[in-house]
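Participant: Below are the structure tokens for one structure; questions will follow.
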Amino acid sequence: MKITRRHLILLLPAAAVAWESILAGTPEASPNYAMTDHWWSMLIDIPKCIGCGNCVRACQAENDVPDGFFRTWVERYHVEDWNLANPQVISPDGGKEGFPSVAEDPNGKYFFVPKLCNHCADSPCTQVCPVGATFVTTDGVVVVDQKYCLGCAYCVQACPYGCRYIHPEKRVADKCTLCYHRITKGLTTACCEACPTGARQLADLKNPKDPIHAFLKNHSVQVLKPQMATGAKVFYNDLDGSVR
Amino acid sequence: MPGVEGFMYPNEVSLYWSVLIVLYPYVTGLVAGAFILASLVRVFRVEAVAPTYRLALLTALAFLLVAPLPLQLHLGHPERSFEMYLTPHRTSAMAMFGFVYLWYLMAVLTVEIWLDYRADIVALSQTTRGWRRLLYRILTLGSTNVSERALHIDERVGWFITLIGIPSAFLLHGYVGFIFGSIKANPWWSSPLMPVVFIFSAMVSGIAAVMLLYMALMRLRGQPIDMRCVDTIAQYMLYIFTIDFSLEMLDLVHRIYEADESFRSLDFMVHTKLWFSQVVLQICLGTLVPILLVGLVQVTKLSAPLRRRMYAVSGSLALIGIFAMRWNVVIGGQLFSKSFLGYTTYKMGLATREGLLVSIGFTILPLFILAVLVKLLPPWPQEQHAPRHAVVAGD
Amino acid sequence: MSIFRDAEHLFRLAGVYLAGTLIFLVVRAGVIPQSFGQYGHYRGAAIGEIAARPLHFAGHQSCESCHSDVAQTKAGGMHAHVNCEACHGPLAKHAADPSIDPGKPDVATLCVRCHTASAARPKGFPQVDAEQHSGGVACNTCHQPHNPAIAAGGAR
């Protein structure tokens, strides 16, 4: 349908109203959002990821992520036969421009693993912050208070997953915020919005109607580095044992 | 990617803790070690090392004043560092820094120095002129009481301060070891042995530093070196070095034996990227050679000049070796990927904020401060008459 | 008292330290951020600051509220679950002010990102070798992006 000027005159006010209802206030003051009603997590469905890199690009655009650093990235694994202990892994520029094509390997398999901050319930990174500049919110998101952070990088060292970095210009710790500014307004994260196959899905564990509950009942899920006992809340469907 | 072998998580490629973070534990280690040497005199009554008592305290102070500087230069926002005093996070070992540092500086070291020097300070406040007179008068805190009773009280309180100073020194440096040892994400660091190894290697470095400074200063003043003193210091250095080396070897043997998921990656790293700094510099030149040299002195009869040379070489090698140990822990811990699939390279700048020149500056600065302290608070009697201990040529 | 006289310097030292501690406590009370400790050991105000970051992606609900016809076309095809901004990029500015023309995505680079054949992609995912498939002809010559399947009447 071609948008004509007549359509615009009708649509502009409607769009404005729709937009305003999305941009409703700060979470703790907002009547629409109560922090205690939510416990955020994410579900990543490995068999659905096609390694297109949309999520990495979308995150960079949404959150002004500096070049060379990543709030989310995609890794490509090549596992040969039973040799799970020695996968070949690449992540060219975090997978931002996708991956080079490969030919079929008769003896091995390939798959993609999107990674991001796991928003751990028992996060080792918030434990070590000397001043309280990084913390777990009441609704389960691990964020950095960039006005308070000293940039000591202790949290970067403490994260087992390599999801943190020091912002080169702001000189404070930076990481995935689970698009807190979006999820508190009823939107989904930028990476989930951009994913064309639904491999990434935001989930609210406290919402009984969230599809993740049925999914968890019917599938085999894993978290990264379970031996670290971090209470990671990013769940992977069908995660291979070779994933580091 | 340049400088990267294998696979690293994308955010791991650049190192976040630089040579300044290597320097910080090295400097606080020297402080703790020098203080332990001083406590040998005061608490354990090892009279032989008494000539180095005051020098050890001043050395500790000179290095302690410099210690926060590498940290400040490393922080992304040093102007916010006061937040550690405002809202220290109780679960963070690093949050202890501000308070442990302050406690050690104000409640232990400066009080002990002040109490030991008070008689001299009062005397100097009356005999000097100009700004020095004002400085000494401030240091007296307005009290000129140097009666026998007052000095006796000073001595008793000073003894007590030294006593609590020992665990304080262990805390000052041990918490740094815990900062690394408590990080489960990093298998090169995560170990309950880490604080203990840090403390023992700190003691070696501090003792070696005071021994070298004592010998150098005596040479500069044209005074004879008290051989009984340096022989005893070298002995203590040997004992503590042996314990330190045993602990490090225990860690190594344990790693090789258990061979957990991180072992192959770390083993490869030690054999390649850390070969020179760990095997050659830290273990062979920095630990085994000093232990052998000083050990040799214990079992053979050697002349005083030869012993002095061996102590000078051992002490210098020990200082280099302990620096290498800090380097291998801090830098080594960031060279390998937490995926155990790759390695990166540390690119140390030259004239940058966290570069080589700044590090060299921070290593030399305490010596300048020590020179000032030695001038203001002379460790030895001003008059050039007979030294307190008889010179014993070749004990 | 004689003990006081001989230990006077120690009391003076203690006094200096006490004064220092009190000054610190006063400074701390003045400088510590107001909202600190509100929800935990952090500045409560930080939550609002983080949540107030600007949006760059509008979210597909926003697109569908105006472009319902496209949404309907899409819902019937293989791209049903591909959100608008996955191909069209961040459109929050356009959603806030529809007179801003976001432009069309570049077909030459867009489609191949997902659909270039690679053994790494999941089996069953539609992939082609662009040269073999169309000889370099633009994808939207034959495929309508909102409903790409040709057999289902999606051909242009």
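Participant: When you go through (1) touching an Asp or Glu at 6+ places or on another chain (Cβ under 6 Å); (2) of a type in the set (Gly, Ala, Ser); (3) free of Cβ contacts under 8 Å to residues at least 24 places away in the same chain one by one for B:Ser18, which number turns out not to apply?
Facilitator: (3)
Participant: Testing B:Leu69 on (1) more than 27 Å from B:Leu373 (Cα to Cα); (2) surrounded by fewer than 24 Cβ atoms within 10 Å (Cβ to Cβ), one condition comes back false. Which one is that?
Facilitator: If we test B:Leu69 against (1) more than 27 Å from B:Leu373 (Cα to Cα); (2) surrounded by fewer than 24 Cβ atoms within 10 Å (Cβ to Cβ), just (1) comes out false.
Participant: Only one of these conditions is not met by A:Lys109: (1) under 16 Å from B:Phe7 (Cβ atoms); (2) assigned to a strand (DSSP E or B). Which number is it?
Facilitator: (1)
Residue-wise test of (1) under 17 Å from the mean Cα position of the chain (by Cα); (2) surrounded by fewer than 19 Cβ atoms within 10 Å (Cβ to Cβ).
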position: B:Ala202; (1), (2): yes, no
position: B:Pro224; (1), (2): no, yes
position: B:Val230; (1), (2): no, no
position: B:Asp244; (1), (2): yes, no
position: B:His254; (1), (2): no, yes
position: B:Arg264; (1), (2): no, yes
position: B:Thr272; (1), (2): no, yes
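Participant: For A:Ala58, indicate whether it is more than 18 Å from A:Asp238 (Cβ to Cβ), surrounded by 22 or more Cβ atoms within 10 Å (Cβ to Cβ) and within 14 Å of chain C (Cβ to nearest Cβ).
Facilitator: When the stated conditions are applied, A:Ala58 passes them.
Participant: Would it be correct to say that A:Val113 is touching a strand residue (DSSP E or B) at 6+ places or on another chain (Cβ under 9 Å), β-branched (Val, Ile, Thr) and closer than 21 Å to A:Gln222 by Cα?
Facilitator: Taking the combined requirement at face value, the residue satisfies it.
Participant: Related question: Which condition from (1) at the interface with another protein chain (Cβ under 10 Å from one of its Cβ atoms); (2) more than 28 Å from A:Tyr180 (Cβ to Cβ); (3) among the small types (Gly, Ala, Ser) is the one that C:Gly103 breaks?
Facilitator: (1)
Participant: Another question, if that's okay. Looking only at the range B:168-192, which residues are hydroxyl-bearing (Ser, Thr, Tyr) and in contact (Cβ under 8 Å) with a residue 12 or more places away in the chain?
Facilitator: Of everything in the range B:168-192, those that are hydroxyl-bearing (Ser, Thr, Tyr) and in contact (Cβ under 8 Å) with a residue 12 or more places away in the chain turn out to be B:Ser168, B:Tyr175, B:Ser182, B:Ser191.
A quick yes/no check of all residues on (1) crowded, with 17+ Cβ neighbours inside 10 Å; (2) touching a residue at least 12 places away in the same chain (Cβ under 8 Å):
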site	(1), (2)
C:Ala45	yes, yes
C:Ser62	yes, yes
C:Met78	no, yes
C:Asp101	no, no
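Participant: In the range B:348-383, which residues are free of Cβ contacts under 8 Å to residues at least 24 places away in the same chain and among the hydrophobic types (A, V, I, L, M, F, W, C)?
Facilitator: Correct list: B:Leu350, B:Ala351, B:Leu357, B:Ile360, B:Ile364, B:Phe368, B:Ala371, B:Val372.
Participant: Looking at the range C:135-154, can you tell me whether even one residue there is assigned to a loop (DSSP other than H, G, I, E, B), at pLDDT below 90 and within 24 Å of C:Ser68 (Cβ to Cβ)?
Facilitator: yes
Participant: Shifting gears a bit: Name the one entry in B:Arg80, B:Arg129, B:Arg137 that is crowded, with 19+ Cβ neighbours inside 10 Å and not aliphatic (A, V, I, L, M).
Facilitator: Of B:Arg80, B:Arg129, B:Arg137, the one residue that is crowded, with 19+ Cβ neighbours inside 10 Å and not aliphatic (A, V, I, L, M) is B:Arg80.
Participant: Can you go through A:Pro66, A:Pro100, A:Pro47, A:Pro114 and tell me which one is surrounded by fewer than 17 Cβ atoms within 10 Å (Cβ to Cβ), at pLDDT 95 or above, not in a loop (DSSP other than H, G, I, E, B) and not basic (Lys, Arg)?
Facilitator: A:Pro47
Participant: Under 6 Å between Cβ atoms, which residue pairs at least 6 apart in sequence (or on different chains) link something in the range A:93-122 that is more than 13 Å from chain C (Cβ to nearest Cβ) with a partner that is modelled with pLDDT of 95 or more and part of a strand (DSSP E or B)?
Facilitator: Sorted first by the residue in the range A:93-122, then by its partner, the pairs are A:Gly94/A:Trp73; A:Pro114/A:Ile44; A:Pro114/A:Val74; A:Lys115/A:Trp73; A:Leu116/A:Thr72; A:Asn118/A:Val234; A:His119/A:Val142.
Participant: Which one of these is under 14 Å from B:Asn328 (Cβ atoms) and β-branched (Val, Ile, Thr): B:Val299, B:Val289, B:Val294, B:Val280?
Facilitator: When all the criteria are applied, what remains is B:Val280.
The values are calculated or read from the model by the stated rules, or taken from the named source; none is laboratory data. The structure presented is a predicted model; accordingly, all values stated were derived computationally and were not measured. Backbone-built Cβ (ideal geometry, glycine too); neighbour counts: all protein chains shown.
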